Amino acid sequence: MRVISIVNQKGGCGKTTTTVNLAGALARDGASVLVVDMDPQAHATLALGIDPDELSENLYEVLAEPGGTDQLSRILINVAERIDLAPSSIVLSALEQKLAAERHNARTERLASALDAMPTRYDFVVIDCPPAVSLLTFNALRASSEVIIPLETSFFAIDGVQKLLETIALLTDRIGHDLTVRVLPTLYDGRTRYARQTLGDIRELFKDLCFDSVIRMNVKLREAARHGKTIDRYAASANGALDYASVAMELAASPPDFRQADAADDTQSPEPLEVVVRFRDEAAGDVRIAGDFNGWVPDKGVRSSIEAEGPARVWTKVLTLSPGTYQYRYIVDGEWRVDPENPESTPGPMGQPNSVLHVS
Ligand SMILES: Nc1ncnc2c1ncn2[C@@H]1O[C@H](COP(=O)(O)OP(=O)(O)OP(=O)(O)O)[C@@H](O)[C@H]1O
Ligand SMILES: [Mg+2]
């Protein structure tokens with residue numbers, strides 16, 4: 001079962017549209033899919049043709065009640081061939097308060113436990129998250145092995161994405177499992193220069209962590225949602241259907257550990273090397289490193305240690321890199337900075353300076 005969260009705290013970037021239509025495309029290719037609607041707005045539930053107000057039970061019962069996590073199967077609704085839905089409702093917004101007294105671990109592992117206890121095994125579980133980093137989002141990430149971040153090419157701000165990547169990095173530390181993070185450009189209008197440039201920036205920033213597929217602007221996607229249907233059922237030849245079919249294909253072709261598998265198979269590529277960088281500071285409490293080598297997820301795939309050196313502390317970061325040129329920054333107590341000991345920097349795709357590392 002591949003469990004994939006669709007996450008971005010920014011509203012309106014295409015999370016729900018991606019959840020529902022990716023599920024549609026995967027099911028069309030023969031996969032069995034469960035859509036989990038973790039957003040109290042219940043947009044994914046509505047877009048799959050279900051009126052949340054008419055249901056007597058929804059995810060709230062599963063996530064909030066004692067013993068509820070064994071009951072996920074009970075609330076599932078079959079919405080289309082090979083697609084089941086775990087529906088949401090506005091009451092989900094009360095979950096945070098309801099579970100306030102519980103320990104962090106117990107609160108955030110509800111969905112993971114519910115999926116584990118479920119007797120049916122799906123090929124894919126796709127989780128729609130609310131536009132907030134909340135308990136619901138933590139539950140989703142904790143249950144997932146993969147994350148897709150939809151990025152709007154019509155309005156893109158790097159700061160929001162950096163914040164999100166930091167959150168994911170801190171969370172993976174805490175839950176002790178790794179997440180494969182990929183970004184998907186959405187709401188693309190190739191007629192505008194801004195969108196073309198933003199798409200280029202996103203590709204340069206995330207390299208192979210960016211899907212090759214791009215979701216174009218397509219009014220049929222909006223119409224399909226209003227009719228409670230996935231795009232492949234509503235308008236099979238629309239651009240929206242073609243674009244999500246192509247994301248599904250990419251996803252099916254790349255299991256979560258695809259990067260390691262690729263590296264192992266590729267006898268042509270030179271051996272990766274261990275590269276050590278150091279950051280010295282007297283005041284910093286937490287120092288991480290992020291760059292195009294780890295998809296800008298702070299400290300992902302990095303071995304880290306701290307030593308005292310007089311009044312200063314020295315953070316040692318061991319990176320495993322193939323020969324090439326990389327861009328990176330340090331995140332010092334949440335603030336993104338260039339490497340003060342590295343004189344070489346370059347304006348990154350978004351204009352802010354990045355430090356440059358040559359490995360040969
Ligand atoms: N590729 C697209 N072409 C045209 N309209 C789109 C496209 N993707 C999404 N939309 C529309 O944009 C709006 C926002 O999309 P969506 O609901 O998927 O975003 P979201 O990230 O889930 O929003 P929220 O943060 O509120 O949950 C919706 O009306 C949706 O129908
Ligand atoms: Mg949504």
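Every read-out reported here was derived from the displayed coordinates using simple, explicitly stated rules and does not represent laboratory data. Model, not experiment: these values are computed from the prediction. In this analysis, Cβ positions are derived from the backbone assuming ideal geometry, glycine residues included, and neighbour counts consider all displayed protein chains.
Skipping prolines and chain starts, which residues have an amide H placed within reach, meaning under 5 Å, of the one on Asp339, given they are 5 or more residues away or on another chain?
Amide H neighbours of Asp339, under 5 Å, 5+ apart: Tyr330, Ser355.
Could you state the angle between the C-alpha long axis of helix 239-253 and the longest principal axis of the C-alpha atoms of the chain, as a value from 0 to 90 degrees rounded to the nearest 10?
Long axis of 239-253 versus the principal axis of the chain: about 60 degrees.
Rounded, prolate or oblate, given the Cα gyration tensor of region 313-359, with a/c below 1.5 counting as rounded?
Since a/c reaches 1.5 but b/c is at least a/b, the shape of region 313-359 is classed as oblate.
By count of other Cβ within 10 Å, fewest leading, how are Asp299, Asp39, Asp53, Asp286 ordered? Numbers along the way, then the final one.
On the way: Asp299 21, Asp39 26, Asp53 8, Asp286 13.
Ordered from fewest to most neighbouring Cβ atoms within 10 Å, Asp299, Asp39, Asp53, Asp286 come out as Asp53, Asp286, Asp299, Asp39.
³J(HN,Hα) across region 8-19 via Karplus (A = 6.51, B = -1.76, C = 1.60, θ = phi - 60°), whole Hz, x for Gly/Pro?
5, 6, 6, x, x, 9, x, 4, 5, 4, 5, 4
What is the sum of charges around Trp315, taking Lys and Arg as +1, Asp and Glu as -1, for the other residues whose C-beta is under 14 Å from the C-beta of Trp315?
It works out to a net charge of -1.
Tell me, what HN-Hα J-couplings in whole Hz come from the Karplus equation 6.51 cos²θ - 1.76 cosθ + 1.60 at θ = phi - 60° for each residue of region 33-44, using x for Gly and Pro?
Once rounded to whole Hz, the list reads 10, 10, 9, 10, 9, 8, 9, x, 5, 6, 5, 5.
Greater than 26 Å separation of Cα atoms is the criterion. Which listed pairs, Lys207/Lys229; Lys163/Lys300; Lys10/Lys229; Lys10/Lys300, meet it?
As for pairs spanning more than 26 Å Cα to Cα, those are Lys207/Lys229.
Between Gln97 and Asp212, with labels modelled 7 Å along Cα→Cβ, what's the label distance in nm to one decimal, could you check?
5.0 nm
By a straight-distance test (C-alpha under 14 Å), which aspartates and glutamates pair with Lys98 as possible cross-link partners, with residues fewer than eight away in the same chain excluded?
Answer for Lys98, where 14 Å is the Cα cut-off: Glu61, Glu65, listed by chain and number.
For region 273-359, what is Rg from Cα atoms divided by 2.2 N^0.38 Å, rounded to two decimals?
Values: Rg = 12.4 Å, N = 87, 2.2 N^0.38 = 12.0 Å.
Its radius of gyration relative to the 2.2 N^0.38 Å reference: 1.03.
Suppose we take every Cα in region 43-164 and form the convex hull; what volume per residue is that in Å³?
Per residue, the Cα convex hull of region 43-164 comes to 136 Å³.
Calculate one ³J(HN,Hα) per residue across region 115-131 by plugging θ = phi - 60° into the Karplus curve 6.51 cos²θ - 1.76 cosθ + 1.60, and present them in order as whole Hz with x for glycine and proline.
Running phi through 6.51 cos²θ - 1.76 cosθ + 1.60 with θ = phi - 60° gives 5, 4, 7, 6, x, 6, 9, 8, 5, 9, 10, 10, 10, 8, 9, x, x Hz.
Between Glu335 and Asn78, how many nm apart are label points set 7 Å from Cα along the C-beta direction?
Between Glu335 and Asn78, the simple spin-label model gives 5.8 nm.
Hey, got a sec? Which GluC sites (Glu not before Pro) in region 277-360 land in a DSSP loop and have at most 16 other Cβ atoms within 10 Å?
When the GluC sites (Glu not before Pro) of region 277-360 are filtered for loop state and at most 16 Cβ neighbours within 10 Å, Glu282, Glu341, Glu344 remain.
Per the Kirkwood treatment, what hydrodynamic radius in Å, one decimal, follows for the chain from the mean inverse distance over all distinct Cα pairs? Please report the intermediate quantities before stating the final value.
Values: mean 1/r = 0.0465 Å⁻¹.
Roughly 21.5 Å, rounded to one decimal.
Glu166: net charge of surrounding residues, Cβ under 12 Å, Lys/Arg +1, Asp/Glu -1, itself excluded?
On the way: positive: Lys163, Arg288, Lys300, Arg329; negative: Asp159, Asp173, Asp286, Asp299, Asp333, Glu335.
Summing Lys/Arg as +1 and Asp/Glu as -1 gives -2.
Only loop residues by DSSP count here, and only those with at most 15 other Cβ atoms within 10 Å; note down the GluC sites (Glu not before Pro) in region 1-98 that meet that.
Answer by residue number: Glu57, Glu81.
Would you please give the residues with an amide H less than 5 Å from that of Val36, counting only those at least 5 places away or on a separate chain, with H modeled from the backbone geometry?
Residues meeting the criterion, in which the H sits 1.01 Å from N, are Ala86, Val126, Ile127, Asp128.
Of all the stretches in the chain, which is the longest one without any exposed loop site, taking trypsin sites (Lys or Arg not before Pro) in a DSSP loop (any state but H, G, I, E, B) with at most 13 other Cβ atoms within 10 Å?
My reading of the result: 192-360 is the longest stretch.
Would you mind counting up the charge near Thr16? Only other residues with Cβ under 12 Å from its Cβ, with Lys and Arg at +1 and Asp and Glu at -1.
Result for the local shell: -1.
Please work out the FRET efficiency for the pair Glu282 and Asn342, using the Cβ-Cβ distance as r and a Förster radius of 22 Å; give the result to the nearest 0.05.
0.70
List every residue whose amide H lies under 5 Å from the amide H of Val181, counting only residues 5 or more places away in sequence or on a different chain, with H placed 1.01 Å from N in the peptide plane.
Val147
May I ask for the angle, rounded to the nearest 10°, between helix 158-175 and the longest principal axis of the chain, with both axes built from Cα atoms and the value confined to 0 to 90°?
Taking the Cα atoms of the chain, the angle to 158-175 is about 80 degrees.
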